[in-house]
Amino acid sequence: MPIGDFVNNIPAPVFLLIHITAFVIGAYFAWRSFGAGASTLGWAFSLFALAEISYMTYHLDWTVFLFAHTISEVLDLVAFILVFVAATERASVGSTSAAATSR
């Protein structure tokens, strides 16, 4: 028995509810980010929401686990990179304006 085998006893609708909730959160954050003019963050949250849709395809028996998981992980990785890019852009803009005012 592999570690975590108990998860197989959880009904599929529970997993769908988890992924739907995560999708709604990601879509909401994307919508707010685009509305605030933070398009890099908007795309990051959009990719996260797409990853959640990809996860759902497995629980709906549309794809096999390894396919859905791989696609989702790639989308999450690119989203994570975009969050880092957005954070460093904001940090560098802040440090540039702070340096200009100290002169």
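The values are calculated or read from the model by the stated rules, or taken from the named source; none is laboratory data. A quick note: this is a predicted structure, and the numbers were derived from the prediction, not measured. FYI the Cβ positions are ideal-geometry reconstructions off the backbone, even for glycines, and counts take in every protein chain you see. All accessible areas refer to the heavy atoms of the entire protein, side chains included, with ligands and DNA or RNA removed. Shrake-Rupley method; radii C 1.70, N 1.55, O 1.52, S 1.80 Å.
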State all residues of segment 32-67 that are open to solvent by 60 Å² or more (accessible area, probe 1.4 Å) and of a type in the set (A, V, I, L, M, F, W, C); if no residue qualifies, say none.
Phe34, Ala36, Trp43, Phe48, Leu50, Ile53, Leu60, Trp62, Val64, Phe65, Leu66, Phe67
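Quick one: count up the residues across segment 1-40 that are in contact (Cβ under 8 Å) with a residue 40 or more places away in the chain and touching a Leu at 6+ places or on another chain (Cβ under 7 Å).
Going residue by residue through segment 1-40, those that are in contact (Cβ under 8 Å) with a residue 40 or more places away in the chain are 12, 15-16, 19, 38, 40.
Still in the running and touching a Leu at 6+ places or on another chain (Cβ under 7 Å): 40.
So the count comes out to 1.
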In segment 1-22, is there at least one residue being open to solvent by 40 Å² or more (accessible area, probe 1.4 Å), under 20 Å from Leu82 (Cα atoms) and aromatic (Phe, Trp, Tyr)?
no
Assess whether Val14 counts as being in contact with a helix residue (DSSP H, G or I) (Cβ under 9 Å, 6 or more places away or on another chain), of a type in the set (A, V, I, L, M) and assigned to a helix (DSSP H, G or I).
no
